[in-house]
Structures are given as structure tokens and as C-alpha cells.
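Laboratory data are not the source of any read-out in this text; all were calculated from the coordinates shown. Predicted model, so just to flag it, every value in this text is computed and none were measured. All Cβ positions, glycine included, derive from the backbone under ideal geometry; neighbour counts span all protein chains shown.
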Amino acid sequence: MSMYYAGILSDIGILLLGALSVYIILATGQLSLGNAGFMGIGAYITSWLTVEAGLPITVALVIAALVSGAIGVAVGFPALRLKGIYLAMATLGFGEVVRSFLLNFAAMGGPEGFHGMHHISTGYIWTWAVSVLVLVMLIEASPIWLEIRAVRDDETAAGLVGLNATEIKVGAFGCGAAVAAIAGGLFAHHHVYIEPGNFSFERSVDLVLAVILGGSTVASGALAGAVMLVILPEYLRFLAEWRFAAFGALLIAMLLVRRQGLLDRALLRFAWRGSRA
């Protein structure tokens, strides 16, 4: 495989993990625009642990995920007081706080960034991406997902039947933050250099866009959205400076045709029945 295609596949795998981090939170009815901040936390912690502490990358990723997950839980509790656009703005503010902190954190390079990480293979990235995707899909098929959907559809009714909406929402924030940290750590070791600008608001928008385009009701939609966001601009390179204008037009057209995204449960059920016929 050429370096070009390996790079594209690596980018898809990392974006898939980032999109899944948004999907986990969105499944409870909460929209987070700050997952790039959790990616940044994971990227810098993982990089410091591998470069300065000499830990294996797998161990470093697990530690970064645990730390970021704990921060996600801490952020989730006050965020529960907000809903809708107000919650989105609060998480956006959190992402900007993280970026500003990294920008002024001289111990990790500040605006000059951090480097020294060893490059990781595409196969390693996809081992993590597939593992997390399969785990989320297994949860989707379990009773836990019914509780999550109940909280998303009607939090009051869910509470009346004994579900702890606070626990479920905060848990989703923590899990989403942990997955975003893994994506950030892999991003850092794929590019072997990071700087605060890598984890700006635009990164958060990419993660949310991948979920919306791919389908926000199924985990596999995150995969479809990640493939679209990475592959489509590459196929439009022949348009030169008009490439991104055409890309935006295609995204708008796709959403007009399929507001629910590329994949949804009805489409997957239809495909499953067709394959068995």
C-alpha cells in the first residue's frame, strides 16, 4: 500500500473514532461541540507519556482515555443544567478553554507544538477504530441502549420508570470523552507532531458533521460519514480552487435528499432482509 492511501485510511480511522465520541453523547440527546478539546487532552497526554515517560503507546492511550473520561464526567455534571443550543455553546466554550490552555502551556511546547512521537501503522489505528465501533454496536444491541434511547426520547418519562437520567447522561459524556482521547492520541502518533490549532472548533465541527452525514441513529453511520468526509475532497481535487465549494454543495444536496444521513435503522433492516432473501 502506498503512503498516500495509508494516510487516507489512517485519517478515516481517526475520524471514525472522533465521530463515535460524538455519537455516544448524541445518543442521549446531548450535542457536544467540544470533543476536539477531549481529543487535544488525549493527544498531549499520550504524547508526553510515550516521549517523556517512555511508556508503550497502548498503555499511554488507556491512561489518556481514563483521564479524559474523568474530565468528561466532571464537565457532564454542570452541563446537565443546560439543554439544546445552550449545551452546545457550553461544550464549545470548554473546547476553546482546552485549546487556549495548550497554547499557553510552555511545558508541552505551547504555540510551537510538541513532537518526538514514533509513527504508528495504519493497522494499529484501525485495530482501535474497529474495536470501539464493534463495542458500540454491541451496546446498541443490548438493553442498555434501550435505556439510553428512553432518556433521549423523554427524560421525564424515563425517570418515572426508574431510570437514572443523570447517571446515563454523565456516563455518556465520560465515555465520549474517553473515545475522543484515543482518537487524539492516535492522531498525534500518526502525524508525529501536534500543536493546539489541531484541536480547534473546526475539528469539533468535522466530528459532528461525520455523524450527521453518516446517520446519527446508528453507530455504523459514523463510519459512513468518516469515509465521506475524507474521501470526497480527495476525489474533487481536479476542481482545484473550486474543490471545497463543490464539496459543500454536495453535502447540502445529500442532506436535502436524506435528512437522516446515509444510514439509518430502516435502511439497515432492509439491507439485512435483502441479503437473507
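Along its first, second and third principal axes, ordered by size, the chain spans 50, 46, 33 Å in Cα coordinates.
Label zone (THR58, point 7 Å along Cα-to-C-beta; backbone nitrogen cut-off 13 Å) within segment 184-205: none. Here the contact order of segment 3-201, divided by its residue count and restricted to Cα pairs under 8 Å and six or more residues apart, works out to 46 percent. Taken one residue at a time, the phi angles of segment 217-222 give Karplus couplings (6.51, -1.76, 1.60, θ = phi - 60°) of 10, 9, 5, 5, x, 4 Hz. Gly and Pro are set to x. Computed from backbone phi, the HN-Hα couplings of segment 22-37 come to 6, 4, 4, 6, 5, 4, 9, x, 10, 9, 10, 10, x, 5, 5, x Hz, rounded to whole numbers (Karplus: 6.51 cos²θ - 1.76 cosθ + 1.60, θ = phi - 60°; Gly and Pro given as x). Backbone amide hydrogens, once placed in the peptide plane, bring LEU262 within less than 5 Å of GLY214, GLY215, excluding anything fewer than 5 places away on its chain.
Scaled against 2.2 N^0.38 Å for its residue count N, the alpha carbon radius of gyration of segment 1-88 is 1.28. If you take the beta carbon distance between LEU256 and TYR4 as r and set R0 to 51 Å, what does 1/(1 + (r/R0)^6) give as a FRET efficiency, to the nearest 0.05? Efficiency, from the Cβ-Cβ distance: 0.95. Shape summary: segment 153-232 maps onto an equivalent ellipsoid whose semi-axes, from the alpha-carbon gyration tensor, are 30, 17, 10 Å in decreasing order.
Per-residue 3J(HN,Hα) values for segment 143-156, derived from phi via the Karplus relation 6.51 cos²θ - 1.76 cosθ + 1.60 with θ = phi - 60°, read x, 4, 5, 5, 5, 4, 5, 5, 5, 5, 6, 7, 4, 5 Hz in sequence order (x marks Gly and Pro).
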